[in-house]
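Accompanying notes for the structure given below.
The values are calculated or read from the model by the stated rules, or taken from the named source; none is laboratory data. Fair warning: this is a prediction, and the values are worked out from it, not measured in the lab. Note that we place each Cβ from the backbone using ideal geometry, even for glycine, and neighbour counts take in every protein chain shown. Keep in mind that these areas ignore ligands, DNA and RNA; they rest on the heavy atoms of the full protein, side chains included. Shrake-Rupley method; radii C 1.70, N 1.55, O 1.52, S 1.80 Å.
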Amino acid sequence: MPRTIITFGTFDVFHVGHLRVLQRAAALGDRLVVGVSADALNERKKGRVPVFSEGERLAIVGALKVVDEVFVEESLEQKRDYIVAHGADVLVMGDDWAGKFDEFGDVCDVVYLTRTPAISTTAIIEHIADL
Ligand code: C2G
């Protein structure tokens, strides 16, 4: 049976930290499915609209060779449904979420990967704003 990995994120202003977490997630199985946060979810969660729209973010993430399927993550509360609907064997998240998704351990393995240091969407936005 192929091993399906699922992960979630906004992936706004796509950068190498995003790439590395997706590459490492893909390496844990045979098929990588990515839930890309909806614009509305991001606004509720972070209080700002992403720089790139959900359509653009889906197109970028979906074009990566390590990604097999993308879908829009409409709500954080539906995580269990998304995991089950996509037949995921492993949920992967960056360790900024460490411990937060352990409750899904009854339907899949839950793995937290170390974030790539010294890079973030917020830092890039601030850097560009300061140019
Ligand atoms: N990431 C990373 N290293 C960085 C920055 C981000 O490994 N330097 C990882 C995060 O840990 C996450 C993924 O890249 O696993 C996407 O990051 P964000 O777009 O910031 O995702 P977030 O807004 O936290 O959305 O349902 C959960 C949310 O959708 C997660």
Return the residue satisfying two criteria in turn: it lies in the range 95-114 and is modelled with pLDDT of 95 or more and under 20 Å from L41 (Cα atoms), and of such residues it is most open to solvent (accessible area, probe 1.4 Å).
K100
Given the structure, is T122 β-branched (V, I, T) and surrounded by fewer than 15 Cβ atoms within 10 Å (Cβ to Cβ)?
yes
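Can you spot a residue in the range 34-45 that is touching a His at 6+ places or on another chain (Cβ under 9 Å) and open to solvent by 10 Å² or more (accessible area, probe 1.4 Å)?
no
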Give me the helices (runs of 4 or more DSSP H) completely within the range 13-108, filtered to those with at least 1 residues that are within 13 Å of the ligand (Cβ to nearest atom) and closer than 18 Å to P2 by Cβ, ordered by residue number.
16-26, 79-85
Count of residues meeting criterion [more than 7 Å from the ligand (Cβ to nearest atom) and buried (at least 19 other Cβ atoms within 10 Å of the Cβ)] in the range 1-12:
3
